[in-house]
Each structure stands twice: as C-alpha cells, then as structure tokens.
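Comments concern the structure below.
The values are calculated or read from the model by the stated rules, or taken from the named source; none is laboratory data. Remember, predicted model here, so these are calculated numbers, not experimental data. Cβ sites come from the backbone with ideal geometry, for glycine too, and all protein chains shown count toward neighbours.
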Amino acid sequence: METVPKYCLLSGNEAIARGAYEAGITFASGYPGTPSTEILETVASEYSDNIYAEWSPNEKVAFEAAAGASLAGGRSITTMKHVGLNVAADPLMTLSYIGVVGGFIAVVADDPGMHSSQNEQDTRRYAQFAKIPVFEPSDSTEAKEYVKLAIKVSEECNTPVILRTTTRISHSRSLVKFAYRRESGRTINFEKNPPRFVPIPIWGRQMRVQLESRLGQIRKMLAELDVNKIELRDVELGIITSGISYQYVREVFPNASTLKFGVSFPFSDDLLFEFASRVKRIVVIEELEDFLEEHIKALGISCVGKSVIPNIGEFSPDLLFDLRDAIEGKSTKKTNGIKSSFSAIPPLPELPGRPPVLCPGCPHRGIFYALGRFDVVVTGDIGCYSLGVFPPLSRLDTILCMGGGISLAHGMSKSGNKRKVVGMVGDSTFFHSGITGLLDVAYNKGNATIIVLDNRITAMTGHQENPGSGKTLMGENTAVISIEELGRACGIGNIRTVNPREVAEVVATIDEAIKSDESWLIVSKAPCPLHLRKSIGEPLQVAESVCRKCGICLKLGCPGLERQDGNIRINKLLCAGCKMCQNICPAKAIS
C-alpha cells in the first residue's frame, strides 16, 4: 500500500495531478499549453502505474479520447489552456447532451494578463453555454480536492465538468494533504444503448430536455457538498468572489464578509439572496468577465462590480489596494475598463531591456533571415517562431491561431493578394491543426508556399513530445510521423526538405517556390538545440583583421553576436556553433 505523507508543497498543476490519482482516474489526455502543461507531465512522471496519459495532436482529439474512456466507464481527465477549449468546443457541446458514464473532467487553464497567450478568455462562459458545472479552486488544496468532488458530481449527475484554473493557481504553491487513491470499482465495458449515446434528432431532442433537468440535480448536489460558502464578518461590506480572487480579497479586505463560489455555474440563487439579506453593500470581485455580476443584477440584487474593478488583465493585491476606497464606497474613483493589472506592475527603469529572442543556434533563424531576401507576406502561427516578428528579423506579418498560418496564407493568396504569400507553422502545430489547412491548399488549387519548421519537438511549451518526435508522453518509442509524407497524402506536389542552417540552400528553395504558380511545402528540418542540451558545434570567432564590420551577421538577431567598440565579436558563452553566421559572412571572417 502507498505510504501517504501528511503534507507536500505542490503547485496547482501538481495538485490537480495528485487529485486525479486520488480520484481513481485511469485515463488522461491533453495538449501542452501554458499554464496547464505540467498537469499531464506530473501524471506521467508520478502516477503512470495507475493512470494512462497521452499528448494528443490537439485539444479536440484529447477531449474526444477522454470522452471515449468515460463512456466505456473509466474515469478520465483532459487538460488544455483556454484557447484550447475553442478547439474542443464542438465535442464539449454535444457531450453535455449525451452525458457521461465514468467521471469526466476538462481542466481548462485561463491566462488573465496574457502571460503566454494570444488573448484573454473567460472559460466560465463556455460552462454556461454548455450547461455544465465549473469548479474554481482558490489554492492547491482546493485544486486537488475539487478534482475529487468534480468526479463525484460528474458520475452522480452524468455530466461532464469543467475545472477552471488560472495562471496564478496553476503555478503558485501551497501545502496539500495527501490521501489514498479510491478506485471506481466499475468494470470498463461500453454498454450499447443508442437512445442514450446517439444524438440524432429523435433522441437528441430528449437529451436536450434531460440536460435542463440535470442542471436542477446538479444544483441540489452542490448545495449538499457545501463548496459555495458564506463567511460572515463585518456586514458593512460583502464581497462575492471566486478562484484566486478570493485570496486577494482576504488579504486586502480581511474584515469583509465574503461569499466564495467554489462552483460558479450553475448559479446558486438561494445563497445569493441569503448573502444579500445579511450584508449592506455588495461588491463582486472576479477576474475577466462580469460573469457573476451580470447574473446577480439579473436577480434584482444591487451590487457593484466592473464599474470600479477592471475586466482586463490579471488581478493582484496591489491592484485591489489601489481600488480599495472605491470598492468600499468611500470614493468615486472608477475604472473605464482600460485600467488593469497591466499597469499595476511598477516600472523598473534601472534594468536593461530584455526583449524575447530566438535562442542561440535556433534553426528557425535561418528561415526568417532567408525570407528577409524576398518581398512576400508571411502568415505566422503560435510557437517559438512568433518571435520572428521582432527586429532585426522582422519577418512575420500575422498571427491568428494554431494552424492559422496555413489557412490564412491560402485565403490571402486566393483573394488575389498582389504579393506572394508564405504560410508558416511549427511541426507540433502542423500535427495539431495544420494538416486540414494543407489539405485545403491542395484541394482548392492554392499557390501559397507553406513552410513547416520541424525542430522535432513541441518547443515553446517546454519540449513535450508530439507525433513527429518518436516518443509518447509515457516515454515509449512510437511511430515517427513524416510531415513530407502527410504533405504528399494531402495532394501537395512540390515538397522540399531543407537544412535551415544552410542559408544559401534555403534562399534558393524559397526563390523557386514563390516563383512557381503552384503550392509548395518546404520542411525546415533541424533539431532544437535547447532540447538537445548540447552545442551544435564548437564556438566560433571573428577574425577582426578580415571583418568588414558590415553588420550582415547581426541581421540574424543571434544573442551570441555582439558589436563592441565598433567591432563585431562572438560571445563564446552563448555561441551554439551552428555556423549560420559563418554561412552568410561575405568576408569569410568567421571561423
């Protein structure tokens, strides 16, 4: 039997993984995306004897695989960041109709403040849209316990459940008390029942009715679980809050009464009316949207919320301290929706600027440098290569969403854009949602040039495996999926593989591709040096007597190249030995 330590210091993500273990979950799937990534990594490294875990090609597939495990009777969890739920929204909306068998949790990590995301979203809106419960832990202990409660609610009410975290919950640490694992005791065996599991109109209409009835059952069960709590203190001020905001409220307003929602949907109207009857002034403090405030006002309960508290960015104690008088009704200070935690962080002018750059030896640098030789539009995507937008590379024109680099390029070129268009995605992004875009290019006779930056790993989120890396999340050897062969299967006729560090070869290939009237797939193949954890070659040096000081090598934007007292030198501590600068030096001064 497992020896259970009394307490451990865990991040929210580690606590969710522990909760999955204790809840008897047997299947875990997801797609890496900060701030959710470490959940599955912890499951795979710590609990693989009891839980099968996998990285899926994208969040939709991960959601569907976990749903399949649930319908067979297993307890399952799927993880993603907030934008990943956009990808998985299709199965989410229908699984809420079908319901589940084994407990099913979708952990969705929102990113207020956009620390590592292209937008801010409030996942609670999805829960309301799908009519399923959403749990919101406020620390690591609740993160673990809410996984177990969510499984309980899911199984007893036959509903999928969302557990919403945020960046601060995911990555902050607090003490967690361990408990033993509890197996479901259910045999894994799907039982055929088309009226239950097949939402064609004749049965789907009944599922729609049952969905509304299920919400009533969920509300009753949540009331018994006591996850939403009134804490009465000074009744002059009552604060309604949830998630990490609760911790900030307790710090900034220690004497205020609080109504803390551990489950923010479905709404607990009885508790709201009770709280309103016991306090004199109500303020709703919630990150991002006015989700709770909107419903509270619809009930006819007077409250203050986004008129004084921002709906942009991540909250902090400092932000609430700054707005304390307005929150307490002692001033008329307001926010127009622009003030946010973006401006709450004090400037640090004494520190030098450190703009994000591609790592020394990064193979993507050669592609961007080569593209700088051509007058083309470059539609980018989500990944390390988004850094190609910054000087001196400055060779990225758009970013939309994962896989959008291909589809945008196709649409732009088909629209009659005067300049040729080059679409760019990474290898993991290609497997995630780029294949269908490439299929669109081939099927509809596009003429865009598509470049897949294949560095053999999912780099930006921390070097997770993907279908092209040859390893599973569980560390097993597996098939290495060929991007080139997938391109041929999609119908692309012109396919070329290049070494991005051989810049002359890359320039010649791009030149041939963009002069063509047909679509091209260029696979830029070279491993990520950060993932290899070793230099590509010996550090290089500049012969000052030969160097013309033209600065062409500096256009690579490599951190290892420096200009000092008018001379160009290579920092040996940073040089990865990739020889890209040597390949482009017109004076052959680098050796």
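The single condition among (1) surrounded by 12 or more Cβ atoms within 10 Å (Cβ to Cβ); (2) assigned to a helix (DSSP H, G or I); (3) not small (Gly, Ala, Ser) that VAL176 does not satisfy is (2).
Just one of the listed residues (GLU64, GLU22) is more than 26 Å from MET114 (Cβ to Cβ) and touching a Pro at 6+ places or on another chain (Cβ under 7 Å), and it is GLU64.
Of the helices (runs of 4 or more DSSP H) entirely within segment 480-559, those holding at least 3 residues that are among the hydrophobic types (A, V, I, L, M, F, W, C) occupy 483-490, 503-514.
Can you pull out the residues in segment 385-411 that are assigned to a helix (DSSP H, G or I) and buried (at least 21 other Cβ atoms within 10 Å of the Cβ)?
TYR385, LEU387, GLY388, GLY404, GLY405, ILE406, SER407, LEU408, ALA409, HIS410
Which residue is modelled with the lowest pLDDT, if the candidates are limited to segment 194-224 and must be part of a loop (DSSP other than H, G, I, E, B) and within 17 Å of THR159 (Cα to Cα)? Among them, the one singled out is VAL198.
A count restricted to segment 262-289 and to residues that are closer than 25 Å to PRO160 by Cβ and assigned to a loop (DSSP other than H, G, I, E, B) stands at 8. Looking at the structure I just gave you, is LYS81 among the basic types (Lys, Arg), out of contact with any helix residue (DSSP H, G or I) (no Cβ under 7 Å at 6 or more places or on another chain) and modelled with pLDDT under 95? Yes: the conditions hold for LYS81. Looking only at segment 176-183, decide whether some residue is under 25 Å from ILE98 (Cβ atoms), assigned by TED's automatic domain parsing to the domain that holds GLY84 and without any contact (Cβ under 8 Å) to a residue 24 or more places away in the chain. Checking segment 176-183: not a single residue is under 25 Å from ILE98 (Cβ atoms), assigned by TED's automatic domain parsing to the domain that holds GLY84 and without any contact (Cβ under 8 Å) to a residue 24 or more places away in the chain.
Whether a residue is within 29 Å of LEU163 (Cβ to Cβ), part of a loop (DSSP other than H, G, I, E, B) and either in contact with a His (Cβ under 8 Å, 6 or more places away or on another chain) or at pLDDT 90 or above (or both) was assessed, and ILE345 does not pass this test. Within segment 146-155, does at least one residue satisfy the condition of being among the small types (Gly, Ala, Ser) and buried (at least 22 other Cβ atoms within 10 Å of the Cβ)? Yes - at least one qualifying residue is present in segment 146-155. One residue stands out among those in segment 246-279 that are in contact with an Asp or Glu (Cβ under 7 Å, 6 or more places away or on another chain) and more than 25 Å from ALA150 (Cα to Cα): the one that is surrounded by the most Cβ atoms within 10 Å (Cβ to Cβ), which is ALA256. Each residue in segment 304-329 was checked for being over 26 Å from the mean Cα position of the chain (by Cα) and in contact (Cβ under 8 Å) with a residue 40 or more places away in the chain, and 6 pass. For segment 207-235, filtering for residues that are out of contact with any Cys (no Cβ under 6 Å at 6 or more places or on another chain), β-branched (Val, Ile, Thr) and surrounded by 12 or more Cβ atoms within 10 Å (Cβ to Cβ) leaves 3.
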